[in-house]
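**Q** To start, I am sharing the structure in question, which I have written as structure tokens.
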Amino acid sequence: MTIFLNCIRRVFQKGWSLLLIFVIPILLTVFLIVATSQEVQYKVGIIDEDNTLFTQDFIEQLKGQYEIINLTSNDDVKSLVINSELDGGLLFQQGITESLLNGEDVSVLIYDLAGTDIFGPVKVYVSSYVSSAKQIARASGGDEKIFYQGMDDYKNSVFNVTYESALKYAGSEQDISNAVKSLGFIASGMIFLMTFSTSLILQDKLSGVYDRIAVTPVSRFSYLIQNMLACFVIAAIQSVLLLSIISSIVDFPFGQTSEQNQEVLLVCLAFSLVCVALGVAISRFSNTRLMAGSLSTLIYFPMLMLGGCFWPREIMPKFAQQIGDFFPTTWFLEAGRDVIAGKGIAASSQQLIYMLSFAALLIFVSFIVRNEKVRM
């Protein structure tokens, strides 16, 4: 285990490496989560052509959550949205309430920017409200009095009790959002660790240490395994420390129970294995430090950006989200969100399989590649 211990010593003896691996992810997480902890206030323009008790009550519900701008049919909602004067617009067309009571399929016309999901939370809320109203209208048999009584019960959250108890919810949506944001910055710290696993092996290749192993009892297979194991142990230490320190500094949980905390740690360890495997693979394919640095930059930053580590994936165009679906960072954050929300490790099993399979593929490729003569 000499190589294993030496690898750990080489990483921890450099002060700047500790800065990149531990300090910077903590500072980034604390700063950006505090800066973005305020609720997003959507500015919503509304045109009410129907002007019934149903639409008026609906607008009152929206006023409790969003900044509402009352418009008329003469206002150009599309231009207001395009010019960013509004985040989106809603149009209650004339006769929507009557059609609703008649059991017809109705919907609220929504104006938002195509290709983005910035207005997504409002659209989800409106869709949920209208869907519930449809069910209540059908149950009322078109009786207006029964319908409005049902809507009053709905607004008083009579129908929400079972829904909330059925989910093993691990805190507020804001807590979950903040926790997932922090996982994104923890991922950036793990990816910084990849640079060290790359640089250590490449440094040994360039200095001739890797070649001299051939005349020692230590096989090259053992050398790579010990390097990877050392980097994985460091990544595990990094994950435990970052999760503990960040949750104590910033007031939000990574889970309500110790079991959920362990599940989050398990997801982090799976991603750290991907990071180590990527670092080793880059070192095996690189002949110079310049080549390793270029490959690292080409891989790391798209992974972080398109995976949603620096900003929510929902604000990206659809094509960028579709590309990001193939990145380990996306799998990591999706798995993290599932376990933090209390859905259990089984809900994130698909993402875990993706990460472990990806890491196994990289490790396999790293061992079969023979590219050792790079000393210059």
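The values are calculated or read from the model by the stated rules, or taken from the named source; none is laboratory data. Computed from a prediction, not measured in an experiment: that's the story for all the values here. Every residue, glycine as well, gets a Cβ built from its backbone with ideal geometry; the counts of neighbours run over all protein chains shown.
**Q** Look through the range 339-358, keep the residues that are surrounded by 21 or more Cβ atoms within 10 Å (Cβ to Cβ) and modelled with pLDDT under 90, and return whichever of them is farthest from Phe192 (Cα to Cα).
**A** Ala341
**Q** Still on this structure: Going by the conditions given, is Gly293 modelled with pLDDT under 80, surrounded by 13 or more Cβ atoms within 10 Å (Cβ to Cβ) and in a helix (DSSP H, G or I)?
**A** Answer is yes for this residue.
**Q** Mind listing just one residue for me: the one in the range 291-320 that is among the polar types (S, T, N, Q) and farther than 18 Å from Phe358 by Cα and, of those, farthest from the chain's Cα centre (by Cα)?
**A** Checked the range 291-320; the qualifying residue farthest from the chain's Cα centre (by Cα) is Ser294.
**Q** Considering Phe327, Phe310, Phe319, which residue is out of contact with any Lys or Arg (no Cβ under 7 Å at 6 or more places or on another chain), crowded, with 20+ Cβ neighbours inside 10 Å and of a type in the set (A, V, I, L, M, F, W, C)?
**A** Phe327
**Q** Then there is this: Residues of the range 296-319 being in a helix (DSSP H, G or I), free of Cβ contacts under 8 Å to residues at least 24 places away in the same chain and not aromatic (Phe, Trp, Tyr), which ones?
**A** Taking the range 296-319 and keeping what is in a helix (DSSP H, G or I), we get 296-306, 313-315, 318-319.
Still in the running and free of Cβ contacts under 8 Å to residues at least 24 places away in the same chain: 297-299, 301, 305, 313, 319.
Across the range 296-319, the qualifying residues are Thr297, Leu298, Ile299, Met305, Arg313.
**Q** Restrict the check to the range 335-342 and report whether at least one residue is assigned by TED's automatic domain parsing to the domain that holds Cys231 and either in a loop (DSSP other than H, G, I, E, B) or farther than 16 Å from Leu183 by Cβ (or both).
**A** yes
**Q** Right, another one. Quick one: is Gln322 in a helix (DSSP H, G or I) and touching a residue at least 12 places away in the same chain (Cβ under 8 Å)?
**A** The answer is no for Gln322.
**Q** Please indicate, with yes or no, whether at least one residue in the range 111-131 is in contact with a helix residue (DSSP H, G or I) (Cβ under 6 Å, 6 or more places away or on another chain), modelled with pLDDT of 85 or more and assigned by TED's automatic domain parsing to the domain that holds Ile68.
**A** yes
**Q** Taking Leu80 as meeting all but one of (1) out of contact with any strand residue (DSSP E or B) (no Cβ under 9 Å at 6 or more places or on another chain); (2) surrounded by 19 or more Cβ atoms within 10 Å (Cβ to Cβ), write down the number of the exception.
**A** So the condition that Leu80 fails would be (1).
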